[in-house]
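Notes follow once the structure below has been shown.
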Amino acid sequence: MLSNKVALITGSTSGIGLGLAREFARQGIHVMLHGLGEPGEAERLRKSLAEETGVKVSYDDADLRTPEKVAGLVAKTEQLFGSLDILVNNAGIQHVAAVEEFPLERWNAIQDIVLNSSFHAIRAAVPGMKRRGWGRIINIVSAHGLVASPFKSAYVAAKHGLVGLTKTVALELAEVSITCNAICPGYVRTPLVEGQLEAQAKTRGLSRDQVIREVILAAQPTRRFIEVEEIAALAVFLCGEQARSITGAAIPVDGGWTAR
Ligand code: NAD
């Protein structure tokens, strides 16, 4: 059923986005890879994914901080593949600092990449989905879209905003076979999490191992990291017909974190 659909996954050169791209391609979904990084490495990824799975894979490195580039990324996907059926707003960054010391530039970058770019992408993708009468929008949010942690003001604010955007878009599109949902993962060991271990250690006066044990895994009753494949399996399910009545939901995959 998903074979030959077309997906754009923002931030799919790394971590969760790359895991989603791999699983979507295995399902026969053509994939627009996207993200920053070294062009040679992105091309190697693109080529290997296409060769392994036989689907069409393209790549773009639009910087999501610029609204026109986000709209351009959606337009380029539609031009190259003839359609955009599944939009996954996944790209994200993190910065850990006390609120009174939070750098303005980092605050703005997080709002732009996490929240504003998702709005711009949805805005650009919906007209085509409406014309074709089918669509799936999945926002990769976070447990931090549902609950807060200290020292992550920008991220928590942007992710809570993205849950609100998810619900609003779902209501607007409920009658036209386009669903919009949020997946809210707990901690997944990706470069984004590796990158914040040092900052968390410094801000909290702990060692890296203590941060993993006492901050990160302490948040998750299961006491283990979430695997990328668990997020990808849920995303595939949300794209299928069995999930056509699931819309406007913020679904935790967080080892019980937000059950407390
Ligand atoms: P990652 O750092 O591995 O990947 C982030 C991706 O976003 C990369 O492809 C990067 O190139 C892209 N990106 C960053 N800034 C960009 C910009 N300005 N323009 C274009 N692309 C840009 O991160 P990840 O851990 O895989 O996170 C993916 C998403 O999942 C994020 O939205 C993150 O908030 C969310 N998330 C992650 C975790 C976790 O524990 N890793 C938990 C919950 C939610």
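The values are calculated or read from the model by the stated rules, or taken from the named source; none is laboratory data. Keep in mind that what you see is a predicted model, and the values were worked out from it rather than measured. Cβ sites come from the backbone with ideal geometry, for glycine too, and all protein chains shown count toward neighbours. The accessibility values were calculated without ligands, DNA or RNA, using every heavy atom of the protein model including side chains. Shrake-Rupley method; radii C 1.70, N 1.55, O 1.52, S 1.80 Å.
Return yes or no: is L8 surrounded by fewer than 23 Cβ atoms within 10 Å (Cβ to Cβ) and either in a loop (DSSP other than H, G, I, E, B) or within 16 Å of the ligand (Cβ to nearest atom) (or both)? Answer is no for this residue. L115 falls short of the stated requirement of being over 13 Å from the mean Cα position of the chain (by Cα) and either within 14 Å of the ligand (Cβ to nearest atom) or of a type outside the set (G, A, S) (or both).
Within region 52-68, the set of residues being assigned to a helix (DSSP H, G or I) and within 16 Å of the ligand (Cβ to nearest atom) comprises P67, E68. Residues in region 33-45 that are open to solvent by 60 Å² or more (accessible area, probe 1.4 Å) and assigned to a helix (DSSP H, G or I): P39, E41, E43, R44. With respect to the conditions (1) in contact with a helix residue (DSSP H, G or I) (Cβ under 8 Å, 6 or more places away or on another chain); (2) among the small types (G, A, S); (3) more than 22 Å from V96 (Cα to Cα), S207 lacks only one, and its number is (3). Taking region 69-95 as the range and being within 13 Å of the ligand (Cβ to nearest atom) and open to solvent by 10 Å² or more (accessible area, probe 1.4 Å) as the test, the residues that pass are K69, G72, N90, A91, G92, I93, Q94, H95.
Any chance region 96-105 includes a residue that's under 13 Å from the mean Cα position of the chain (by Cα) and in contact (Cβ under 8 Å) with a residue 12 or more places away in the chain?
So far as region 96-105 goes, no, none of its residues is under 13 Å from the mean Cα position of the chain (by Cα) and in contact (Cβ under 8 Å) with a residue 12 or more places away in the chain.
Where helices (runs of 4 or more DSSP H) fall entirely within region 103-206, those with at least 1 residues that are at pLDDT 95 or above and surrounded by fewer than 16 Cβ atoms within 10 Å (Cβ to Cβ) are at 104-110, 117-132, 153-173.
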